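K.L.:
Take a look at this one; I'll ask things after.
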Amino acid sequence: MNGGADSLTKAGQGGSTSSPTKSHREPFYRFELIVPAEVVDRNRHVNNVAYVQWMQDAALQHSAATGCTRMTEAIGATWVARMHRIEYLSPAFAGDALTVLTWVADFRKVRSLRRYRFIRAADQKVLAQGETDWVFIDVSTRRPRGIPREIANLFELVPDEPDNDRGQAQGPERR
């Protein structure tokens, strides 16, 4: 989504590139990156904070690719994160090529749930998965407002997936 924090996101951070998987109605968006050494912590793996940044980066780019960012700004609104949840399954290291796969799971009156999966390119191992609960906000009042149908229609929803083997990339990336 728009995230409301565009100023915190650096274009190209970590050697990032991205592309929608097919068209703006394709539900899954791929955000590719190479893990930079700067995000490795004293435990010699990617610091937890980097995953939150990459979740936001992927969401912002998916939103821009669908036209959601432009449409949201045109009506005087923005998206803000209400909650992030991340489950770490295996560590990532400097130099790893990662794909952050993201999709929108639902739209509710003023909120939307977006999910993420972090996949290491070398072995297709799922390293982490997470979700963000976004709230649609009116910029002038700073209060939640209903999500217009025109914005919701920009995304093909992918509701809950069956719980699969968390150690290997399955599901959206193979659809």
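Where a number appears in this text, it was derived from the coordinates with a stated rule and is not lab data. None of the values given here were measured: they were computed from a predicted structure.
K.L.:
Quick check: residue separation of L157 and E32 times 0.36 nm, minus the Cα distance between them. What number comes out in nm?
P.N.:
42.9 nm
K.L.:
Note the full-extension length gain between D133 and M83 as 0.36 nm times their separation in residues minus their Cα-Cα distance, in nm to one decimal.
P.N.:
That works out to 17.5 nm of additional length.
K.L.:
Classify segment 19-169: rounded, prolate or oblate, from the alpha-carbon gyration tensor (a ≥ b ≥ c, eigenvalue square roots; a/c under 1.5 rounded; otherwise prolate if a/b is larger than b/c)?
P.N.:
Numbers: a/c = 2.02, a/b = 1.71, b/c = 1.18.
The shape class here is prolate.
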